[in-house]
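Reviewing the structure listed below.
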Amino acid sequence: MVSDPEHITQDPPYLVVGVDGSVSSLAAVAQVMEEASLRGAAVRAVWAWPRPVFAHGDESAGFNERRRLLSESTAGWAEKYSDVRVTHEVVRGHPVEEPARSSEHALSVVVGRRGRGGYTGMRLGSVVHGLLHRAVCPVITVPTPPAN
């Protein structure tokens, strides 16, 4: 399924990348940085933090930890892609709905694909599947790189 065409009138143009600290999301960060540099676009790195069923623990500590992890996920790319401006957003919400909401004016949404199961090269996870139905721009999925 292909969503609406990319939004080429947004100034400055940007791409959204979904980050959750996994190996597949780190592959998505690498892909989005290269794509943004080629297109002269910025990057919105979004970490969607699901709302708990039962509140417990220090909410601000959890937010700060995710913010740190998000920054670490994009760290190091500034040297290679110094022309790409990156913003970081930790938001409370569903991991499909929040990146989809962020895609409203984006060129595309880039997410990692874990591909668990017997057909790892062909399977889409629930987040990718949900984004294909909810994002209002193209969705780029990046497979997890093979383990060494």
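The values are calculated or read from the model by the stated rules, or taken from the named source; none is laboratory data. The structure displayed is predicted, hence computed values, not measured ones. Virtual Cβ from ideal backbone geometry, glycine too; neighbours counted across all protein chains shown. To get the accessible areas, we keep the full protein, side chains included, count just its heavy atoms, and leave off ligands, DNA and RNA. Shrake-Rupley method; radii C 1.70, N 1.55, O 1.52, S 1.80 Å.
If you scan region 11-26, which residues turn out to be surrounded by 20 or more Cβ atoms within 10 Å (Cβ to Cβ), assigned to a loop (DSSP other than H, G, I, E, B) and of a type outside the set (V, I, T)?
The initial filter retains those residues of region 11-26 that are surrounded by 20 or more Cβ atoms within 10 Å (Cβ to Cβ), namely 14-20, 24-25.
The next check asks that each one be assigned to a loop (DSSP other than H, G, I, E, B); those that pass are 19-20.
Residue satisfying the conditions is D20 alone.
The set of residues in region 51-76 being touching a strand residue (DSSP E or B) at 6+ places or on another chain (Cβ under 9 Å) and open to solvent by less than 60 Å² (accessible area, probe 1.4 Å) consists of G62, L69, L70, S71, S73, T74. Within region 22-37, residues that are among the hydroxyl-bearing types (S, T, Y) reach partners that are surrounded by 20 or more Cβ atoms within 10 Å (Cβ to Cβ) and in a helix (DSSP H, G or I) with beta carbons closer than 7 Å, at six or more positions or on different chains, in the pairs S25/S73.
When you check A48 against the structure, is it surrounded by 11 or more Cβ atoms within 10 Å (Cβ to Cβ) and either modelled with pLDDT under 85 or among the small types (G, A, S) (or both), yes or no? Can you show your working first?
Working: surrounded by 11 or more Cβ atoms within 10 Å (Cβ to Cβ): yes; either modelled with pLDDT under 85 or among the small types (G, A, S) (or both): yes.
Yes, satisfied.
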